[in-house]
Amino acid sequence: SVQVGTFAKIFIKMTLLIIRGEENKGKTTLCAEIYSELLKHVNQEHIFGEPCKEMKKVSQNAIVYEDGNPIDFKTVLTKDDKKIGILSRGDIVDDCFIKSLNELLLQKVNILICCTRSINRKNSTFRYIEEHYKNYPKKEFWVKFAENKAEKQKVKQQQAKEIVEYILNKL
C-alpha cells in the first residue's frame, strides 16, 4: 500500500486537528459530537463510512452506536468549497488506518481531524502524524473526560461546540 507521506506533498493547504487522549477516554465519542455539530453548518449531503469499508453518500447523521457508544467512522463534509475530513479510528497505525487516511486525503480535505492516543510510541498514530505531517499546521485538542456518566455527554457536546467554532473560523 502507498504510505500517506507520499500524498502529503499534494495537500499543502491542509490543517490537522488532533483529538488526543488516553485509551477509552472518549476520542471517538468526541469525534461523533463534532460530526453531529458540524452537520448544522455544512451541506447535508456528504460521504460517510466505517474505516476499511466503502464510504457512501448520505444526507443525515450516519453515526452507528454499539452498546451506547459510537463506532469508529470516517467522513468528508463540505462547507461552501471547503472540505473537512474526520477519521475517528486512531489507536494504532495499521493497514486499515493508512487506507482510511489515504481515502480522506484523496478527497483533498482542507481540515483533517484524526484521533491519537496520548502516548508517542512506536506504531502510534500520534508518532505517525508527527513524522509524516511535521510541516503542516496542527492544533491539538485533549479530550475532556467526566467520570460521571450524566456529565459525560454534556462535557463532550460542549467541547465539540468549541472545536466546531474553531473549524468554522479556520475555513
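Quick note: the coordinates plus some simple rules give every number you see, no bench work behind them. Nothing here was measured: the structure is a model prediction, and the numbers come from that model. Note: ideal-geometry Cβ built from the backbone for every residue, glycine included; neighbour counts use all protein chains shown.
Summary of computed values
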| read-out | value |
| --- | --- |
| DSSP-assigned coil residues among trypsin sites (Lys or Arg not before Pro) in region 12-120, each with at most 12 further Cβ atoms within 10 Å | K13, K40, K53 |
| Qualifying GluC sites (Glu not before Pro) in region 96-138, DSSP loop, other Cβ atoms within 10 Å at most 13 | none |
| Eligible aspartates and glutamates near K83 by straight Cα distance, threshold 14 Å, same-chain separation 8 or greater | E45, E103 |
| Normalised contact order of the chain, rounded percent, pairs of Cα under 8 Å and 6 or more residues apart | 32 |
| Pair K82, E66: separation of 7 Å Cα→Cβ label points (nm) | 3.4 |
| Out-of-range pairs (alpha-carbon distance over 26 Å; input K79/K99; K27/K138; K27/K53; K56/K82; K82/K149; K79/K138) | K82/K149 |
| For the chain, calculated [θ]222 nm from helices alone, where every DSSP H run of n ≥ 4 adds -39500 (n - 2.57) | -10500 deg cm²/dmol |
| Antiparallel %, DSSP beta bridges [both residues in region 1-152], to 5 | 50 |
| Surrounding net charge for M55, when Lys and Arg each add one and Asp and Glu each subtract one, Cβ distance under 15 Å | +3 |
| For the chain, Cys with no neighbouring Cys Cβ under 4.7 Å | C31, C114, C115 |
| Cα-based shape type of region 56-155, given that a ≥ b ≥ c are square roots of the gyration tensor eigenvalues and the cut on a/c is 1.5 | oblate |
| Region 114-158 and region 52-74: distance between their alpha carbon centers, rounded to Å | 19 |
| Kirkwood Rh and Cα Rg combined as Rg/Rh, the chain | 0.93 |
